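Readers should treat all values here as calculations from the given coordinates under stated rules, not as data from a laboratory. It should be emphasised that the depicted structure is a prediction, and the values quoted were computed from it without experimental measurement. With ideal geometry, Cβ positions are generated from the backbone for all residues, glycine too; neighbour counts draw on all protein chains shown.
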Amino acid sequence: MRIGRNWIKNVGVHVPDGFFDAPTSVATGLIAAGAVGFSLQRANRELRETGPALAGLTAAFVFAVQMVNFPVGAGTSGHLLGGALAAALVGPWTAVLVMSTVLLVQGLLFADGGLTALGTNITLMGLITVLVGYFLTKALLKVMPRRAGSVVPAATVGALVSVPVAALAFTGLYAIGGAVDIPLGKLATAMVGWHILVGIGEAVITAAVLSAVVATRPDLVYAARHLRQDLVLVDADGNTSTVSPDRPIAARPAGRSLGVGIAVTLVVAGGLSLFASAHPDGLEFVGAKLGFDSAAKNSAAAGSPLADYGVHGIGNAEVSGALAGIIGVLVTIVVGLAIAKLASLRANKAS
Amino acid sequence: MSGDGLLVAVDSPVHRIPAQVKLVALFVFVLAVVSTPAAIFWAFGLYAAMLVAAVVVAKLPAPVVSRRLAVETPFIVFALLLPFVATGPRIDVLGLHLSQSGVLGAWNVLAKGTLGVIAAILLSATTAPRDLLAGLERLRLPATLVAILSFMVRYLSVVSDDLHRMRVARESRGYTGGRAGHLKAVAGGVGALFVRSFERGERVHLAMRSRGYTGRMPLLSVEGATRSQWLEGLTISLAAVAIAVAARVVAL
């Protein structure tokens, strides 16, 4: 079948083995395992109702669609990462499971993405893109017109933001556990700049696919299920009555899932920064060693401490800078969600 | 392929090792490689030699392995950029003014990434997907996750064939190539693919329910691996751990 031929064309931005040091790989592995376990628990009710077949087929769908060339304008074509799209279609917790499954299959069956980097890949592409995409979508839906069609622009913004945030998280991980002392300001600028472009492609594709689904089966779009219009019945005498649609099984109080989402993001961010302070010299190890080596070679006595100090100083400042960036993004999201929540409370009171 | 992933269907001692042993072996091996200091070059030579030996024992054709290595191309590009963008003391190599830590970092990413990919290719080329799933189940991966994985693997070819038929249908109507105006047609097909996959998932679940599914999948595997199979499968990984420890000691 086609996968045998095309799998190399797959997006291929998976982090390989050896890109991050072992402690960072283990830490992100723990985060990923925790996230998958949590998602299993949260998605339990849905999965009992709909069965594992549906999640498995969604995973197969994401895997297949990642290989589609989408024409995104200006003569270029883009690939879909699919985190935000999957979140909007099947809900955040099932989407985390789906994306993790896709990454696991790519890592084990197709040798794409290292096994020790699996945790990193799941954290970046399975967890951060899904949660950022989903909760941004939900927050925007609260301030937009209550129509199923609103989910398209909302998820578009979610997809647009989710990719650069994942790139920023990658930079943060690199600051903690990267093997080479690249100037992190430059790396962050390059990563985020490039991934804003990728994010625009992701947003365009997500919007196009989602609007196609909304046009045919709006009831399948998880993020818009609560927006389904009441069914208007008109009897023979012309009397109209409305019937509200069935409550979907997975509908839970939004407040709780929002709270959990924020908690998860904070735990992830907190875990990362804790890790940074517990292991401050992962970045420095090679550099310091090399600074020493080169000083011996160049016989410049002042070279070694200066080089070491430079690496040290830059490393720490940039680590804190990158972390501040991530935390800043998260705080922005949380504030945005809080505003949306307040707005919806007021709207409820008014009605 | 259909349901066989990247399996190279020959019979070899590596093919016969139970999947759970190979999974553990791969993980231990890659972890040992990743935790080896980059400057200890001989360690990576030994890792590579052991992997090549395993590839030979597994009777994998060299062209297949090298073709599948292409998967790490994006990171080779990244690695080759490292010597130019990294800071720190500079050295001159072949007339280029490079960062020394960048050169070592590029070597680090290239060596560890390549070894990891070859090891993963070794696993995927010698293990059928259903054996891999059975192995994951033996390793106590949550049952729900194994179930999702098995449905994904089982329906991957179905969904891809769906996608292929849609592409043939679309292109035969003139929507070929990369014109931006074709986005709607491509995305419409993908949207339809989601609806089809979703509905297929619902049908499969109902069919399972009507055949007595109660929320628990039957176990995929029954027998465990023997002690000698564990030893045989873990030979390379344990040697890799020993090398990694030795390299750490040397680096101190």
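Translational diffusion of chain B was estimated from the Stokes-Einstein equation, with Rh taken as the Kirkwood radius over Cα pairs; at 4 °C and 1.567 mPa s the coefficient is 60 µm²/s.
When you filter the GluC sites (Glu not before Pro) in segment B:159-241 for DSSP loop state and at most 11 other Cβ atoms inside 10 Å of their Cβ, you are left with B:GLU223. A Förster radius of 35 Å combined with the Cβ-Cβ distance from A:SER241 to B:LYS184 puts the calculated FRET efficiency at roughly 0.40. The angle between the Cα long axis of helix B:73-85 and the main principal axis of chain B comes to about 40°, on a 0 to 90 degree scale. Peptide B:119-130 has a mean of 3 when you count, residue by residue, the C-beta atoms of other protein chains within 10 Å of its C-beta. A full extension of the chain between B:ALA242 and B:GLN229 corresponds to an added length of 2.7 nm, given 0.36 nm per residue minus the alpha carbon distance. In terms of overall dimensions, the C-alpha atoms belonging to segment B:142-210 reach 44, 24, 16 Å along their principal axes, ordered largest to smallest.
Sequentially through segment A:137-153, phi angles give Karplus couplings (6.51, -1.76, 1.60; θ = phi - 60°) of 4, 4, 4, 5, 4, 5, 9, 9, x, 7, 10, 4, x, 4, 5, 5, x Hz, Gly and Pro residues having no value and appearing as x. So what is log10(I(q)/I(0)) for segment B:111-252 at q = 0.09, 0.13, 0.22 1/Å, when the Debye sum runs over its Cα atoms only? The Debye formula, applied to the Cα set alone, gives -0.54, -0.87, -1.34. Give me the angle, in degrees from 0 to 90, between the Cα long axis of helix B:41-57 and the longest principal axis of the Cα atoms of chain B, rounded to the nearest 10. That works out to roughly 40 degrees. Taking Lys and Arg as +1 and Asp and Glu as -1, the other residues whose beta-carbon sits under 10 Å from that of A:GLY114 total -2. Structure note, pairs A:LYS186/B:LYS112; B:LYS112/B:LYS184; B:LYS22/B:LYS112: Cα-Cα distances above 30 angstrom occur for B:LYS112/B:LYS184.
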